[in-house]
Structures are given as C-alpha cells and as structure tokens.
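Enquirer: There's a structure below that I have some questions on.
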Amino acid sequence: MTTTLNRDFKEIRSRIQSAHRILITSHVRPDGDAVGSTLAFGLALQEAGKDVQMVLADGVPRALRHLKNSEKIQKKPSGVFDLIVVVDCSGLDRVGTALDEYPKPDLNIDHHITNLNFAHINLVESTTPSTAEMLARYLPQWGLEISQIVAEALLTGIITDTLGFRTSNVQPQTLRTAAALMELDVDMPKLYTKALHERSFEAVRYWGAGLNHIEMENQIIWTTLSNADREASNYPGKDDADLVSLLASVDGAVVAVIFIEQPNGMIKVSWRARPGYDTSKIAAQFDGGGHKAASGATIEGALDDVKKQVITATQMLTQ
C-alpha cells in the first residue's frame, strides 16, 4: 500500500471501531458479490456488537435467499447513522433509492475499474476479482471476525463474480482466500450449485424466450428479453436470469450482449467478453460501468432503438 492508502486504511479501522449505528448498502439489481459483501460486512459488524442496517433497494434476488440471515436485508433504511458504507458499487447513482435521504457516504469499498470515488474514503482495488475477496482480507485487519456465516456470504460473492473461478482476473490469492473460507466449515460445492447452476422453472422459460430472439454477427452474439417475455414466463425478477453467461459460452462469439426491457421504459444492457476485450469502455459510453469481462448499463429508450445503438458501439471491439 502507498502512504495514502495506509492512512486511509487506518482511518477505516478507526471509523468502524468508533461507530455505533452503521448502514451498509450496494447497487440496484444486486448480484452475488453485492449481496454477499453487504451481508458479510453487516453480519460481521453485528457480531461485533454494532447496530447495523443492511439495505438493498431491490432486495435480495430469489437465487440468493438461501444465504443465512439474508432476510435481514431491508429495502429502505431508517434513522440516523454514524457510518454509511457502500460496497461493490462504482457510482452513487447505482445504489438506487437506498441513500436518497442521506449524505455523502463515508466509505466506498469496491473493485470496479470504473469506480468514481464518490465517498469520503474510497478503497478501490480494480485488479481484485470481487469486493467479497477484498473484505475477506480486510475484515480481520479492521478488528472484525469472519464467522462461518460471514464466510459463507463472502465465498458466495467470490464464486459469483468470478463465474466459478473462470474469469481471467482470478489470481492464486483468490483461490487461497476461497480455501481459507472453506476451512471455516463452509460447503463450497453447495454454494456453487445454488449460485451458478440452479434455475427456477420460470427462469428457464424466460431463457427460452431469449433464445428465440438470438442473433450473431461479427463475433458478437446478442438477444433481447421484453416485458412481454417476462410476463409470459412469470419470471419475478427484472434481470436476465444470467442468460448472458450462456450466450458468452457460444463458440465463435467473443462478446455477448443482452437487452432486458424494464417496466419503467428503461433498457438494462449487460455485456460479457472473452479475454482481450474490454466491455467497460463500451458501457461507459452509455453511463454504465463494470469490468473488462463483464459490464452493464441502463439506457432510456425503446428496445429496438437501444439495441441498434449498443450493437453499433460494441462492434468497435471486434474490428
């Protein structure tokens, strides 16, 4: 760490130790890293005797509700806090309504290369595969214990953001961290199956609609999921049920894109890419963000219009 990072690191520990009432939140449409990091940090603080509210504006996705104490995560905060922490989130606009009535966050812990350093203290490691891995290293250094239940949440974050240790940014340290968490009596095969393999019947029907719309050109593969598709399949979420990861596995495709129509007239766009392609630069053009291999943005407009704009911009990656 640099001198500045050392100073910030000491201040983080000091603020955590002196705070009594703490708010932890993350981004809208939370994935495994957002849920895992929020839950792990919040539970570790509660076990240390802190009064903690864990908040996700969109709640916990059904696929992650198997995590112990995930029901403690609320959709709205209440009251006054000594410390406000945002985890796994690159920009303040990404927390949705969670902080509408609150001041600038005190602490931002994240690993996205597109992070905007929006808090008073910003601990951002863009080379670390997940925020959960960062927390697994740092919680003990901040005087917080990693219990079995905290380790379960952290390992879920690591597993999901690395797609089961398959992303190109996975390092030996990632595997060592996962092994250390497993040693706390965490059933990694079960977490792996729950987070990455199990699908609801409704999600599979939803996938079927998306696969009917699939297109591929110039090494880019894409599809759309409309509001009508969601309603017809009775899928309860506003995401793609991780269909984009299936698209990314197609031979000959180096970039996968999926367009998910939202009920509010917005289009959620997700990119996945093979090593050597940086989707975060494309996402940034649409006020989004993420990593080289996985990025996202939410764009206002009609589904077909947004699709044309995004595919045109994405084609620059393969030319």
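Enquirer: How large is the helix-only mean residue ellipticity at 222 nm for the chain, computed as the sum of -39500 (n - 2.57) over DSSP H runs with n ≥ 4, divided by its residue count, in deg cm²/dmol to the nearest 500?
Expert: Helix-only estimate at 222 nm: -10500 deg cm²/dmol.
Enquirer: May I ask you to evaluate 6.51 cos²θ - 1.76 cosθ + 1.60, the Karplus curve with θ = phi - 60°, for each residue of the stretch 128-142 and list the ³J(HN,Hα) values in order in whole Hz, giving x for glycine and proline?
Expert: 8, x, 8, 5, 4, 5, 4, 5, 4, 7, 9, 3, x, 6, 9
Enquirer: OK, next. Given the C-alpha centroids of the stretch 83-115 and the stretch 17-31, what is the distance between them in whole angstrom?
Expert: 9
Enquirer: Please list, in order, the residues from the stretch 6-31 whose amide nitrogen is less than 15 Å from a point placed 7 Å along the Cα→Cβ vector of residue 69.
Expert: Backbone N within reach: 22-25.
Enquirer: Under a Cβ-only charge scheme (Lys and Arg +1, Asp and Glu -1), can you give me the dipole magnitude of the chain about the Cα centre, in debye to the nearest 20?
Expert: 340
Enquirer: If one takes the longest principal axis of the Cα atoms in the chain, at what angle in degrees, from 0 to 90 and to the nearest 10, does the Cα axis of helix 303-314 lie?
Expert: Helix 303-314 sits at roughly 80 degrees to that axis.
Enquirer: Sum up the lysine pairs in the stretch 3-196 that clear both bars: alpha-carbon distance under 28 Å and a spacing of 8 or more or different chains.
Expert: 18
Enquirer: Oh, and also: Quantify how much of the Cα-Cα distance distribution of the stretch 3-196 extends past 31 Å, in percent.
Expert: Everything past 31 Å amounts to 8 percent.
Enquirer: Between the stretch 215-253 and the stretch 135-161, what is the separation of their alpha carbon centroids in Å?
Expert: Cα centres, the stretch 215-253 to the stretch 135-161: 31 Å.
Enquirer: Most exposed first by the Cβ proxy, i.e. fewest other Cβ within 10 Å, how do 41, 201 rank?
Expert: Least to most surrounded, the residues fall as 201, 41.
Enquirer: Let me ask something else. Starting with the fewest neighbours, write out 305, 8 ranked by other beta-carbon atoms found within 10 Å of each beta-carbon.
Expert: Listed from fewest to most nearby Cβ atoms, that is 305, 8.
Enquirer: Taking the Cα atoms only, what angle lies between the long axis of helix 172-182 and the longest principal axis of the chain, rounded to 10 degrees?
Expert: Between helix and principal axis, roughly 70 degrees.
Enquirer: What ranking do 71, 47 get, fewest neighbouring Cβ atoms within 10 angstrom at the top?
Expert: By the 10 Å Cβ count, ascending: 71, 47.
Enquirer: Among the DSSP beta bridges whose two residues both lie in the chain, what percent are antiparallel, rounded to the nearest 5?
Expert: The antiparallel proportion sits near 45 percent.
Enquirer: Could you work out the mean projected area of the convex hull around the alpha carbons of the stretch 201-318, in square nanometres to one decimal?
Expert: Here the figure is 6.5 nm², rounded to one decimal.
Enquirer: Hey, another quick one. Return the long-range amide H neighbours of residue 96 (sequence gap of 5 or more, or a different chain), with a cut-off of under 5 Å between placed amide H atoms.
Expert: 28
Enquirer: Could you tell me how many degrees, from 0 to 90 and to the nearest 10, lie between the Cα long axis of helix 32-47 and the main elongation axis, the longest principal axis, of the Cα atoms of the chain?
Expert: 10
Each reported figure results from applying straightforward, stated rules to the coordinates on display, with no laboratory input. The structure displayed is predicted, hence computed values, not measured ones. Here the Cβ is made from the backbone with ideal geometry for all residues, glycine too, and neighbour counts use every protein chain on show.
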